[in-house]
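Shown next, in C-alpha cells, is the structure this report addresses.
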Amino acid sequence: MRKCGEELVWYVVLIVLSIIVGGLLISGEILLYLAPRMLPMVWFGLVVLVILTIYQFIRLGQCFGESGKGHAIHLKGLVFLIPIVLMLTAMPNEDTVNALPNRNVQMGTLVAQSSSATVEDTATKETKKDTLANAQSEPAQETDAQETEAEAEKNVKIATGDMGVQSDGPIDPADAIPCVYNEGKVPFGEGGDLFNEYIYNTTEELVGQTITVYGFVYTEETFPEDVILISRLCFWCCAADSYVIGFYVKVEDADAYSADDWICVTGVVESITMDFYGDDFDFPLLTDGTITYCDIPNTEEAYIYP
C-alpha cells in the first residue's frame, strides 16, 4: 500500500527548497551565506533539486493514480520542513551587523603581514648597518665619506621599498587626534571603495597615509577608550567561517555609535600597539579626520571575500 500522503510531503519539501534556493541565487542574497567562489556548486545543487522535484511529481501522480488508499502522512516526512521554516523566519539581511554570526576581531592578514614586516624591518636594519659600515671603511676624505654614507642608505631604502613616510613608532591612542563627526549621509563607496585594498597593506605601509574606508561600527571592551573599529565581515567559504576585519578609529565619543551604524571614515593612519590573543601587534589607527554616516551597501558590496 503506497503512502501518497508521505509522497506529497516530499514533493512540497522539494518544490519549496527549489524556490528558495533559486530565489536566493537570482536575487544575489545567497552571498549572505556563501562566498562567490561557491556559487557554481549551488547552481549545480539547484539543478539536482529541480530534477528531484520533477521525479517526485511523477511518483505522486502514479501514487494517486492507483487505488487511492493509504494517504497517511508520516511524521518523519514533516521533519524536512524544519529547514524550510528556519530559512523563511530567520533569514539574515545586509541591514545589520548581526546578519552573520558575530566573531572576535581577527585581523588575519594585518597581523601576519605586520609580524612579517617586523622581521623584514630587522633584516633591513642589519643591511643598512652593513652597507654603511662598508661605505665608511672605504678610504676617502670626510666629505666624500658622508656622501657615500648618504648614497648607500638611499640605495638600501630603494632596494627594500623603504622610501615611504617614516614613523616614530606606535602612539598611545589617548594622545591621538580624534576623527570628528560630519552631519549628513554619503552614498556607500562614493569615489571607490578601497577597503579590500587597504586591508592587505601592513601597518608600516599605511602609516602617514590619508585613507577613506567604509564599514559598520564594531566595538569590544578590550578596545582603548574612545576607539571603535570600522569593520567588514569576511569569509572564505561560508557564513560559518566569517570573521571581522577592519581599522581602528579614534573618535570623540565611542558611545555615540552603535553596532548597526554604517559609516565612512577619512583619516590619517597612525600605528598603535594592542594585545592580540596574548601577543602585541601594531595596528593601523585612523586619526585626525572625519566620520560621516553612509548608505547601507547591497549584499555583494557588504562583505569581503578574499
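The values are calculated or read from the model by the stated rules, or taken from the named source; none is laboratory data. All of these numbers come straight from a predicted model, not from anything done at the bench. With ideal geometry, Cβ positions are generated from the backbone for all residues, glycine too; neighbour counts draw on all protein chains shown. When the accessible area is computed, the model is the full protein with side chains, heavy atoms only, and any ligands, DNA or RNA have been set aside. Shrake-Rupley method; radii C 1.70, N 1.55, O 1.52, S 1.80 Å.
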Protection proxy ranking of 190-203, 286-299 - average other beta-carbon atoms within 10 Å, highest first
286-299, 190-203
Determine ³J(HN,Hα), in whole Hz, for all residues of segment 260-269 in sequence, where each value follows from phi through the Karplus function 6.51 cos²θ - 1.76 cosθ + 1.60 and θ = phi - 60°; x replaces Gly and Pro.
9, 6, 9, 10, 10, 10, 10, x, 8, 7
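Enter the accessible area per residue of segment 220-306 (Å², integer; probe 1.4 Å; all protein chains in place).
Counting only protein heavy atoms, the per-residue value for segment 220-306 is 39 Å².
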Using protein chains only and a probe of 1.4 angstrom, how many square angstrom of Tyr214 are accessible, to the nearest 10?
10 Å²
Given Leu229, Val249, Val265, which one lies farthest toward the positive end of the charge dipole of segment 209-295, if we put +1 on the Cβ of every Lys and Arg and -1 on the Cβ of every Asp and Glu?
Val265
Could you order peptides 171-178, 232-239, 182-189 by the average number of other Cβ atoms within 10 Å of their residues, highest first?
232-239, 171-178, 182-189
